[in-house]
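So the structure is just underneath, and the comments pick up after that.
The values are calculated or read from the model by the stated rules, or taken from the named source; none is laboratory data. Bear in mind the structure is a predicted one, so any value in this text is a computation, not a measurement. Here Cβ is always computed from backbone atoms with ideal geometry, including for glycine, and neighbour counts include all displayed protein chains.
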Amino acid sequence: MTESIEDLYKEIILDHYRRPRNRGSLLPPARNACAYNPLCGDEITIWVDIDENDTITDIKLDGKGCAISQASGSMMSTLLQGKSLTEARTVFLRFKSMLGIGKNKTDIEIFDPEAPAGSQLGDAEALKSVRQFPSRVKCATLAWNAFEEALGQDTAVSL
């Protein structure tokens, strides 16, 4: 019996929800931010360690909420671990454009929907169907927005 891509994506989301990666917190000087979605009650806190070369050395997160918000945070944390801030910015823009969020045409085109599954965003590509449900896009982007906020204004690369 063959699985459909939708079934596979559902399994990936549920796996990250049931067994979230990088749960916990980091001590200062880690940057951190909290995000809350008042519409559904989802919340997440992100901690990010960045070294002197602007490389993300560790990401931890904690929170509660729906499977989409919590799985998305887990996926994000594994995807961004070890990336430079410049690489993280590209991943961030790809994720947003996959969900139909972008400031301009260039941002939207950064994600190629014709590329092989997992080639651009790893497990996070399992969330691309969320684009069809605008109220759930906020759930999928909650952790990503907290990550952006944690980096703050004093970083070399602004997301």
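Which of the residues spanning region 66-84 are touching a strand residue (DSSP E or B) at 6+ places or on another chain (Cβ under 7 Å) and either in a helix (DSSP H, G or I) or of a type in the set (Val, Ile, Thr) (or both)? Answer for region 66-84, where residues must be touching a strand residue (DSSP E or B) at 6+ places or on another chain (Cβ under 7 Å) and either in a helix (DSSP H, G or I) or of a type in the set (Val, Ile, Thr) (or both): Ser69, Gln70, Gly73, Ser77, Leu80.
Collect the residues in region 121-143 that are under 11 Å from the mean Cα position of the chain (by Cα) and either in a loop (DSSP other than H, G, I, E, B) or not small (Gly, Ala, Ser) (or both), keeping them in residue-number order. Scanning region 121-143 gives Leu121, Asp123, Glu125, Leu127, Cys139, Thr141, Leu142.
For Val157, the criteria (1) crowded, with 20+ Cβ neighbours inside 10 Å; (2) modelled with pLDDT under 90 hold in every case but one, which is (1).
Among the residues examined, Ile12 qualifies as buried (at least 18 other Cβ atoms within 10 Å of the Cβ), within 21 Å of Val137 (Cβ to Cβ) and at pLDDT below 95.
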